[in-house]
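Here's the structure, in structure tokens; my notes come after.
The values are calculated or read from the model by the stated rules, or taken from the named source; none is laboratory data. Remember, predicted model here, so these are calculated numbers, not experimental data. Note that each Cβ is placed from the backbone with ideal geometry, even for glycine, and that neighbours are counted across all protein chains shown.
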Amino acid sequence: MTQALLTYYENFTPVGDILALAACIVFIILIRHAYINRTKSFFYLKSAIIMIMASALFDIIYHISVQYIGKIPVFVNYFTRGIYHFALYSVLWLFVLYTKTLLGLDRKGARPYFIFAAIGFIFVGAFEIVGTIAGIGYHIDENGGVHSGFPIYPFAYVYFMIVIFAMVLRHQHRFVRMVILSVAETVAASFIVMGIQRLCNQTSFTVATFLFPVFALLYHVHSNPYDIETGTVSEHAFEDFVELAGSKGENCYFMSMYMHDFEGKGRKYPRRIQQAVRYFSTKFFKSATVFQISGGHMILTVETRKIPGYMERSQWMIDEFLKVYPQYRIDYKIVFIESDSRLVKGNDYIAFLHYMHDNMEKNSFIRAGNKEVETYLTHQYIISELKDICEKKDPDDSRVLVYCQPVYSIKTGKFDTAESLMRLVLPKTGMVFPDIFIPIAERNGYIGSLTKIILSKTCKAVKKLIESGYYVKRISVNFSVYDLREEDFCSVVEETIRSNDIPFEKIAIELTESQNEADFKLIKERINELKGSGIKFYLDDFGTGYSNFERIMELPFDIVKFDRSLVIASGNDERYHSMVSNLARMFREVHYSVLYEGIEDEADEARCIEMDARYLQGYKYSKPIPIERLTEYFEKTS
């Protein structure tokens, strides 16, 4: 071996590459046993780790081959060095792909950076090949002397880093600033190490410098540490888990537990609960992961391929749980569900489980299947349609229908009033009734838009009835306390009635009593503000739930509607009959008219008339009908 060749080899030590290999192996162990957010960007980072291992391994082999130049074919030396450099350049290319994916850039947004990266990759590859052939790059001469040629690699590293940081800075609003700074500082550390080794005529730590940004990204972006106390990982990790399982076509089994007592900021599980969570998550499913979705919500998840008999195991877990439950006495709700192709993302499963928890009894469990998913999807569809109705603000939206139930007047013996009722007709579900969509609309803030549409359509129908010669005393419209909370409530009501050119007394507003002190004051203010215009006010659903006579007497209602439950009770028990009769007489004496709801037969009718009824409403007279059909009940004026 020539002196020049000996000097070249002695300047290399495999310590750096061995360190890089060891670090990559540690990374792989952590990835396998720790919980890592396995997003698409992580795939590129994992591929980069594999390429770093390949470059470290082939760098060692390449330098070993240098010792045997003249004894082994020169091709072996060129080949191992070529693989070593190709792996390094591939790492740089993978960093570009990783950054693009992490920033969420589409093909158009990433195109200029891809072009510059491709130009760099092709140029350095061509330079390596052409330089070797032309003798200006790395080559081995006829005497076995090794010539390193022009050091293109550091320039390639700088070039790719410029492309990557240009991409990050251009779209920095999509990135966390501290992550950008952290990665930039680790890259700077890489440059410093490469500079020092260059001054020392070394190349031993080139591969190792790639570990710095990889470590920073794993730590900042993909790490999701286990909670030591419960052994759980975060909601974000659950979303990544579902996405990865879906991309691999893996079937999963989800076991969700909700404990309301621990919902809320700062609430922690007692030690015995922490121990129970760890016990149940490991005893029955050896490779399960528990995700902490919120303070009181956890989801235990397994890949069914890895756990044969998972259904039986889940039943064993429930049996064991019920045995030990008396020790804890904490309210719970448990839902089991297998992967469903209609629930795609982690958020879909979380939303579905929240829906199930909201609609099930406490201290119970459900094995959800097709029926429950269908019900949930219908629920979500209704929400999407309500949102669309709310956003379009079309007072003539064809999806919102006005139905009415005629009201019989004892005094006139005729139908001249009615209650306006809301219905939805949606393309996929057909007719949707109020008991389904009203709570959804109230929870999601869409009830105000629906009420405005119903009020507008009712006013238009009243105007049409009057113009057609029918006598309309008034039609009532239901409003919720959510409507009254709108600052422009009164002005909207007045403007809607006025714009339809009908008298204000033709419209009545139905309200239910509120237990909330602030809402009570608000109801009082709204009634007093609109009362002078001629609008009548009904107290709806009297006799159900909360009733405060003192408050009712403070509110200037015109009509009190006795609920169907009072009608039934008055017919079943003489004491109730006396009570309801006295209540009705009391309201009449203080100038409130009484309307009985839910009249279904002649017995109901006779009893309610005897109990001071002024108005009667129910299926005896008519089921709710489209408002256009009120012509069948209302009479024309002479």
**Complete:** Only unsatisfied item for Ser499, checking (1) buried (at least 16 other Cβ atoms within 10 Å of the Cβ); (2) among the polar types (S, T, N, Q); (3) more than 28 Å from Glu550 (Cα to Cα), is (1)
**Message:** Between a residue in the range 517-542 that is at positive phi and any residue that is among the charged types (D, E, K, R) and surrounded by fewer than 19 Cβ atoms within 10 Å (Cβ to Cβ), which pairs come within a Cβ distance under 8 Å, given they are 6 or more apart or on different chains?
**Reply:** Gly534/Glu505; Asp541/Asp563
**Request:** Kindly indicate whether any position in the range 117-136 is loosely packed, with under 12 Cβ neighbours inside 10 Å, among the hydroxyl-bearing types (Ser, Thr, Tyr) and over 40 Å from the mean Cα position of the chain (by Cα).
**Result:** no
**Request:** From (1) more than 30 Å from Ser398 (Cβ to Cβ); (2) touching a Phe, Trp or Tyr at 6+ places or on another chain (Cβ under 6 Å), pick out the condition that doesn't hold for Glu525.
**Result:** (2)
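When the residues of the range 574-599 are filtered to those that are assigned to a loop (DSSP other than H, G, I, E, B) and at pLDDT 90 or above, which remaining residue is surrounded by the fewest Cβ atoms within 10 Å (Cβ to Cβ)?
Step one: of the range 574-599, the residues assigned to a loop (DSSP other than H, G, I, E, B) are 590-592, 598-599.
Among the residues that remain, those that are also at pLDDT 90 or above are: 592, 598-599.
Values: Tyr592: 20, Gly598: 18, Ile599: 23.
The residue in question is Gly598.
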**Message:** Any residue that is within 29 Å of Phe504 (Cβ to Cβ), in a helix (DSSP H, G or I) and of a type in the set (D, E, K, R) - is there at least one of those in the range 552-563?
**Reply:** yes
**Prompt:** Counting only residues that are crowded, with 20+ Cβ neighbours inside 10 Å and hydroxyl-bearing (Ser, Thr, Tyr), which one in the range 45-64 is modelled with the lowest pLDDT?
**Reply:** Tyr62
**Complete:** Log entry, pairs with first residue in the range 599-622 being closer than 15 Å to Ile559 by Cβ, second being of a type in the set (Asp, Glu) and modelled with pLDDT of 95 or more, beta carbons closer than 7 Å, six or more apart or on different chains, reads Leu616/Glu605; Gln617/Glu419; Gln617/Glu597
**Complete:** Asn143: passes all of (1) part of a helix (DSSP H, G or I); (2) over 30 Å from Leu353 (Cα atoms); (3) in contact with a Ser or Thr (Cβ under 8 Å, 6 or more places away or on another chain) but (1)
**Request:** May I ask you to list the residues in the range 502-513 that are surrounded by fewer than 19 Cβ atoms within 10 Å (Cβ to Cβ) and in contact with a helix residue (DSSP H, G or I) (Cβ under 6 Å, 6 or more places away or on another chain)?
**Result:** Phe504
**Message:** Looking at the structure I just gave you, is Met255 modelled with pLDDT of 85 or more, of a type in the set (A, V, I, L, M, F, W, C) and in contact with a Gly (Cβ under 6 Å, 6 or more places away or on another chain)?
**Reply:** no
**Item:** Filtered residues of the range 430-462 (kept if surrounded by fewer than 16 Cβ atoms within 10 Å (Cβ to Cβ) and not aliphatic (A, V, I, L, M))
**Value:** Gly430, Phe433, Asp435, Pro439, Arg443, Asn444, Gly445
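Of a type in the set (Val, Ile, Thr) and more than 14 Å from Leu92 (Cα to Cα) - does that describe any residue in the range 117-130?
At the first step, the residues of the range 117-130 found to be of a type in the set (Val, Ile, Thr) are 119, 122, 124, 129-130.
Then keep just the ones that are more than 14 Å from Leu92 (Cα to Cα); that gives 129-130.
Yes: the range 117-130 contains one or more residues that are of a type in the set (Val, Ile, Thr) and more than 14 Å from Leu92 (Cα to Cα).
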**Request:** Could you tell me which residue of the range 472-496 is surrounded by the most Cβ atoms within 10 Å (Cβ to Cβ), considering only residues that are within 15 Å of Glu525 (Cα to Cα) and among the hydroxyl-bearing types (Ser, Thr, Tyr)?
**Result:** Ser480
**Flag if Ala118 is within 20 Å of Pro154 (Cα to Cα), touching a Leu at 6+ places or on another chain (Cβ under 8 Å) and not β-branched (Val, Ile, Thr)** = no
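Could you run through the range 318-331 and say how many residues are outside any helix (DSSP H, G or I) and either without any contact (Cβ under 8 Å) to a residue 12 or more places away in the chain or among the hydroxyl-bearing types (Ser, Thr, Tyr) (or both)?
Going residue by residue through the range 318-331, those that are outside any helix (DSSP H, G or I) are 328-331.
Within this subset, residues satisfying the condition of being either without any contact (Cβ under 8 Å) to a residue 12 or more places away in the chain or among the hydroxyl-bearing types (Ser, Thr, Tyr) (or both) are 328-329.
Count: 2.
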**Prompt:** Is it true that some residue in the range 514-525 is surrounded by fewer than 20 Cβ atoms within 10 Å (Cβ to Cβ), among the β-branched types (Val, Ile, Thr) and in the same structural domain as Leu465 (by TED's automatic domain parsing)?
**Reply:** no
**Message:** Kindly evaluate Glu605 against the criterion of being loosely packed, with under 15 Cβ neighbours inside 10 Å, touching a Lys or Arg at 6+ places or on another chain (Cβ under 9 Å) and either hydrophobic (A, V, I, L, M, F, W, C) or assigned to a helix (DSSP H, G or I) (or both).
**Reply:** no
**Request:** Take the range 396-408 and flag every residue that is crowded, with 17+ Cβ neighbours inside 10 Å, in contact (Cβ under 8 Å) with a residue 40 or more places away in the chain and not aliphatic (A, V, I, L, M).
**Result:** Asp397, Tyr403, Cys404, Gln405, Pro406, Tyr408
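Can you name every residue in the range 258-278 that is aromatic (Phe, Trp, Tyr) and at pLDDT below 80? Steps first, answer last, please.
From the range 258-278, those aromatic (Phe, Trp, Tyr) are 258, 262, 269; that's our starting set.
Hit for the range 258-278 is Tyr269, nothing else.
Considering Ile383, Ile389, which residue is part of a helix (DSSP H, G or I) and touching an Asp or Glu at 6+ places or on another chain (Cβ under 9 Å)? Give the steps one after another, and end with the answer.
Numbers: Ile383 fails: touching an Asp or Glu at 6+ places or on another chain (Cβ under 9 Å).
After ruling out the rest, the residue left standing is Ile389.
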**Message:** Looking at the structure I just gave you, is Val567 touching a Gly at 6+ places or on another chain (Cβ under 6 Å), more than 16 Å from Ala418 (Cα to Cα) and touching a residue at least 24 places away in the same chain (Cβ under 8 Å)?
**Reply:** yes
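Within the range 177-223, how many residues are basic (Lys, Arg) and touching a Pro at 6+ places or on another chain (Cβ under 9 Å)?
The first filter runs over the range 177-223 and keeps only residues basic (Lys, Arg), leaving 177, 198.
Pick out the ones that are also touching a Pro at 6+ places or on another chain (Cβ under 9 Å) and you get 198.
Qualifying residue count, the range 177-223: 1.
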**Message:** Of the conditions (1) touching a residue at least 12 places away in the same chain (Cβ under 8 Å); (2) part of a helix (DSSP H, G or I), Ile334 satisfies every one except a single condition; which number is it?
**Reply:** (2)
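Got at least one residue in the range 292-313 being under 27 Å from Glu243 (Cβ atoms), of a type in the set (Phe, Trp, Tyr) and at pLDDT below 90? Break it down into steps so the answer makes sense when it comes.
Just the residues of the range 292-313 that are under 27 Å from Glu243 (Cβ atoms), to begin with: 292-311, 313.
Going one step further and asking which of them are of a type in the set (Phe, Trp, Tyr), we end up with 310.
Then drop every residue that is not at pLDDT below 90, which leaves 310.
Yes, the range 292-313 contains a residue that is under 27 Å from Glu243 (Cβ atoms), of a type in the set (Phe, Trp, Tyr) and at pLDDT below 90.
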**helices (runs of 4 or more DSSP H) wholly inside the range 402-513 containing at least 1 residues that are among the small types (Gly, Ala, Ser) and assigned by TED's automatic domain parsing to the domain that holds Val560** = 434-444, 447-467, 489-499
**Message:** Suppose we filter His173, His139 for residues that are touching a His at 6+ places or on another chain (Cβ under 8 Å) and either surrounded by 14 or more Cβ atoms within 10 Å (Cβ to Cβ) or assigned by TED's automatic domain parsing to the domain that holds Asn77 (or both); which single one remains?
**Reply:** His139
**Those residues of the range 141-184 which are in contact (Cβ under 8 Å) with a residue 24 or more places away in the chain and among the basic types (Lys, Arg), in sequence order** = Arg174
**Complete:** Taking first residues from the range 192-209 that are assigned to a loop (DSSP other than H, G, I, E, B) and second residues anywhere that are crowded, with 18+ Cβ neighbours inside 10 Å and of a type in the set (S, T, N, Q), the pairs with Cβ under 9 Å that are 6 or more apart or on different chains are Thr203/Gln197; Ser204/Gln197; Phe205/Gln197
